[in-house]
Amino acid sequence: MADFELIQFDLDGTLIDSVPQLAEAINDMLATLGHAGQPVEAVRCWVGNGADMLVQRALTAAQGEAPDADLHRRARALFDEAYAGHADAALVFYPGVLDTLERLRTAGKRLALVTNKPYRFVPGILAAGGLTDHFELALGGDSLAEKKPSAAPLLHICERLDVSPARSLMVGDSENDVLAARAAGMAVAALSYGYNYGRPIADSSPDWVLDDFAGLAAILKI
């Protein structure tokens, strides 16, 4: 097994199942715009490319065509306002997440968070989950000029924490996480239970496919 010093984690679909909160915010937004709500399972297939794309996919489904720029801007503002009231409520962590993160920290591993979620929501979610002190650095989808599947966020974390990509492992649940890791020259473990647009994550050929978050312990030798 490889000896990794730094572990970079995705958030939605990896650590937490955020779809219920996202769906509530999306449906609040749609209701304000006069559209019918969308089912939770539809929202599940739209997550992973950041809030702008989530809003675009929801509007396209609701009105049968892609929104123009003005509507998209208005809808995004409505979504952000709605999600602020839902983001850190009734958090659902996947099995094994909290225990494994604590084991990693106790074992001396360095942890970082790299999500495509807008950063404004990240501190509240981490605080609500008791994880504020677990991560040395957290990036949102708008923290840099590029987000996953770009390698930029992953490499930025490595640079800031002075760890080479070869000594860092990316842990995510979607093709974007795998592509970002590959572009960064980084190994990647992918969870099979997350949000990958309805496709098996194994199709993206990560180094490891895990059905259970606790399986990281064997990869990381803790």
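Each reported figure results from applying straightforward, stated rules to the coordinates on display, with no laboratory input. Keep in mind it's a predicted model, so treat the numbers as computed, not measured. All Cβ positions, glycine included, derive from the backbone under ideal geometry; neighbour counts span all protein chains shown.
Structure notes:
- What the phi angles of segment 12-25 give under the Karplus curve with 6.51, -1.76 and 1.60, with θ = phi - 60°, is a coupling list of 5, x, 10, 9, 10, 8, 8, 4, x, 5, 5, 5, 4, 5 Hz, glycine and proline written as x.
- Of all lysines in the structure, those lying under 17 Å Cα to Cα from residue 221, and not within fewer than 8 positions of it along the same chain, are 109.
- Highest-fluctuation residue, 168, 143, 18 considered, GNM on the chain with Cα pairs under 10 Å: 143
- Three-way shape label, segment 114-222, alpha-carbon gyration tensor, a/c 1.5: rounded
- Where both bridge residues fall in the chain, DSSP classifies roughly 5% of the beta bridges as antiparallel.
- Ordering 35, 59, 191 by Cα displacement along the dipole of the chain toward the positive end leaves 191 in first place; charges were set at the Cβ atoms of Lys, Arg (+1) and Asp, Glu (-1).
- In a reduced charge model with +1 at each Lys and Arg Cβ and -1 at each Asp and Glu Cβ, the chain shows a dipole moment near 280 debye about its Cα centre.
- Residue-by-residue Karplus 3J(HN,Hα) for segment 207-214, coefficients 6.51, -1.76, 1.60, Hz, glycine and proline x: 5, 9, 10, 10, 8, 9, 4, 4
- Taking Lys and Arg as +1 and Asp and Glu as -1, the other residues whose beta-carbon sits under 9 Å from that of residue 148 total -2.
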